[in-house]
Amino acid sequence: MKNDKRDAFIETLYNRVTGEEDTRVCKDIPESACKDQPHNFFAYLGSNLLGKVADEIASAKLIIPWLFGMLGVPAIFTGFLVPIREGGVLLPQLLVAAAVRKMAIRKKVWIVGALLSAISLFGMAAAALSAKGASAGGAILLMLILFSLSRGLCSVSAKDVLGKTVSKSRRGALMGWSSGLSGIAVLLIGLWLGTVDLETAGPHVFFGLLITSGILWIIASLIFSAITEQPGATEGGGNALKVAMQQLKLLKTDAPFRRFVTARGLLLSVALAPPFYVLIAQSQTEGGLLGLGSLIIANGLAASLSAPFWGYMGDRSSKQVMAIAATGSGLLGIFTFIAVMNHWQWAINAYGMAVIFLILNVMHGGVRLGRKVYLVDMATGDNRAAYVAISNTVIGVLMLFGGLIGLIGDWLGPAATVLVLGALSILSVFYIKHLPDVSEPS
């Protein structure tokens, strides 16, 4: 009886959330999964929501750089945060995607990834309280490697599970609710952090954030395990890394694709920049958590603003989106360097840095959207798999080498690092301008 009432409640709530009434939409999923769709919808929503919040409160481009600054970790370690977080997710996917494809039930891969993510976050939390300087940096980076590999397992399996359990016409609503609710949660966390007294809290705040993030991943794994997944096809899983190695000659023979990969490589300067802006904000706000709270709020607002801001423009010309976003990021880096050198407190106080960080992340959103749309538009059905595999492999490797940018931070400081990355962003614009325009505006 209790199960019947629970199922009826889930059915009613599902109908309200999706706007579904009498006829259930079950497109592109097995017929046997149709009756479980309301239950699976909320199980996926809950786990995805908790994962998003967990990622934000242990962010490698915001939370951990601030922690590094507090613990006196050398900037070279900060330089490797984003490369390990992003490259560590990307490269393993190329290796394990084929193996995951051979598994009829793939939710187990996601659950393992979530639990390993929790373990790595608990390790970071322990290091935050027990170590300082290079020792803390090394320990946290090791745990971040495990975290990134674990998130790669989640990423490579999540889309397959979603594709088998939730109809295509309902996936947008699911992701929309997940992004919206997680955005509200992160906003509240940012507001709370702005009220914390750093002098009495110290690293314990970050210990709490990392522990909370790990607990959220454990809860997410329990919720994800409740998904009823039907066995899927196990054939056709090609190894993306093998495809990339076999087709590397395209970089020599396909000039437009080679220019795109070069431009995308230079655009890594935008992705690598946020941790150094965080170090600048920390130094200019004397480490107060008001500065961190305002950056978290700015980061959340940027995520909400960037998609609609760039989306329409991306349909008209993805090349222009990349060029405008790279130009904006480059000019922002130059401005920030000048502001720091001239002690423009109106620009580099807690609120000024929040505005700068918001603009930076909006520009980063434009770069990401523009290069994704451009690659899809320039590729055909015959070469799309090779294009994606090659570009992801090359960029994953370049991202890891990009961590060496932290040497400039150790030598000349974070402001100089931001200047160098800004100059590289401007340089990327010249390569982007020579790309063919592949968009087809309506």
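The values are calculated or read from the model by the stated rules, or taken from the named source; none is laboratory data. For clarity, every value in this text was computed on a predicted model and none was experimentally measured. Counting neighbours? That spans all protein chains shown, and the Cβs are built from the backbone with ideal geometry, glycine included.
List of remarks:
- Test: Gly352 is free of Cβ contacts under 8 Å to residues at least 60 places away in the same chain, under 30 Å from Ile189 (Cα atoms) and loosely packed, with under 15 Cβ neighbours inside 10 Å: no
- Of all residues in the stretch 113-144 being in contact with a Gly (Cβ under 6 Å, 6 or more places away or on another chain) and assigned to a helix (DSSP H, G or I), the one that is farthest from Pro203 (Cα to Cα): Ala118
- Among the candidates Leu115, Leu129, Leu94, Leu121, residue that is modelled with pLDDT under 90 and in the same structural domain as Gly163 (by TED's automatic domain parsing): Leu94
- Flag for Arg170 being modelled with pLDDT under 75, crowded, with 17+ Cβ neighbours inside 10 Å and of a type in the set (Lys, Arg): yes
- The condition of being touching a Pro at 6+ places or on another chain (Cβ under 8 Å), surrounded by 15 or more Cβ atoms within 10 Å (Cβ to Cβ), within 21 Å of Leu62 (Cα to Cα) and of a type outside the set (D, E, K, R) does not hold for Leu332.
- Flag if Leu251 is in a helix (DSSP H, G or I), over 30 Å from Gly137 (Cα atoms) and modelled with pLDDT of 95 or more: no
- Contact annotation: residue pairs with Cβ atoms under 8 Å, 6 or more positions apart or on different chains, pairing a residue in the stretch 220-235 that is modelled with pLDDT of 70 or more with a partner that is crowded, with 16+ Cβ neighbours inside 10 Å and charged (D, E, K, R), are Phe224/Lys107; Ser225/Lys107; Ile227/Lys107; Thr228/Asp36; Glu229/Arg106; Glu229/Lys107; Glu229/Lys164; Gln230/Lys164.
- Entry remark, the stretch 421-431: residues being touching a Phe, Trp or Tyr at 6+ places or on another chain (Cβ under 9 Å) and not hydroxyl-bearing (Ser, Thr, Tyr) number 2 in total.
- Condition check for Leu375: assigned to a helix (DSSP H, G or I), in contact with a helix residue (DSSP H, G or I) (Cβ under 7 Å, 6 or more places away or on another chain) and either among the acidic types (Asp, Glu) or modelled with pLDDT under 90 (or both): yes
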